[in-house]
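The structure under discussion appears below in the form of structure tokens.
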Amino acid sequence: MDVKPLIDLARLMAPTVVAQSSPLSVPPVAPTELERFDVVATHPHLIKASRKLFADGHHTPAVEQAFKALNAYVKTRSGLDDDGVPLMHRAFSPEKPVLALSRLKTRTEKDEQFGVMSMLAGAMAAIRNPRAHDAEERDGVDAALEQITIANYLFKAVDRAERVDGGS
């Protein structure tokens, strides 16, 4: 396994970087906020929805738009008109999904389907909705990056899902 990307990610996510003790080493420079964003946000829909807002210092709107884009992406992929939590429950239902992550034959496959459905629904309820409906919600850089990382994972999970005929 190539660990270099993990080391790069750890370096970019760390708020401070400790210089090595070698007298010949140059103290490392802390990454910019946008460099940190670029490490965790790799899905094209996420980048399009959030990068400029994040770059301009609008961290909370960047998070809100990330999850609104995720919601819209699930709508597009599923063809459903629902929104938020009900959309995620219908689209990724383990019993009768519109979007399936696998064949859903084994306990593990069903558990993964349920888990991704739950994560998507939870993200709508706990991340998107408070930012869309509460003007007081404020995310710092680290909190925004953590939530954008979640969005990136979920976008990729939706990418892996295949449309099921006769779902929901």
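Numbers at a glance
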read-out	value
Residue tally, condition of a type in the set (Asp, Glu) and either at positive phi or surrounded by 19 or more Cβ atoms within 10 Å (Cβ to Cβ) (or both), over the stretch 42-95	1
Where a residue in the stretch 103-131 is at positive phi and its partner, wherever it lies, is not aliphatic (A, V, I, L, M), with Cβ under 7 Å and at least six apart	104/94; 104/110; 104/113
Leading residue by the ranking (nearest to residue 157 (Cα to Cα)) among those in the stretch 109-144 that are in a helix (DSSP H, G or I) and among the acidic types (Asp, Glu)	112
Residue check for residue 98: touching a residue at least 24 places away in the same chain (Cβ under 8 Å), in contact with a Gly (Cβ under 8 Å, 6 or more places away or on another chain) and either within 20 Å of residue 43 (Cβ to Cβ) or surrounded by 13 or more Cβ atoms within 10 Å (Cβ to Cβ) (or both)	yes
Near pairs, Cβ below 6 angstrom, 6+ apart or cross-chain, from the stretch 24-49 (under 22 Å from residue 64 (Cβ atoms)) to any residue that is of a type in the set (D, E, K, R) and assigned to a loop (DSSP other than H, G, I, E, B)	none
Residues that are more than 16 Å from residue 156 (Cα to Cα) and not aromatic (Phe, Trp, Tyr), drawn from the stretch 27-49	27, 28, 29, 30, 31, 32, 33, 34, 35, 36
The stretch 67-94 residues that are closer than 18 Å to residue 46 by Cβ, paired with ones that are among the aromatic types (Phe, Trp, Tyr) (beta carbon under 7 Å, 6 or more apart)	70/155; 73/155
Tally, over the stretch 123-158, of residues that are of a type outside the set (Ser, Thr, Tyr) and under 12 Å from the mean Cα position of the chain (by Cα)	17
In the stretch 49-71, residue nearest to the chain's Cα centre (by Cα) [restricted to those that are more than 20 Å from residue 85 (Cβ to Cβ) and either part of a loop (DSSP other than H, G, I, E, B) or charged (D, E, K, R) (or both)]	51
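Readers should treat all values here as calculations from the given coordinates under stated rules, not as data from a laboratory. Keep in mind that this is a model prediction, so the values were computed, not measured. Ideal geometry is used to build each Cβ from the backbone, glycine not excepted, and the neighbour counts take in all protein chains shown.
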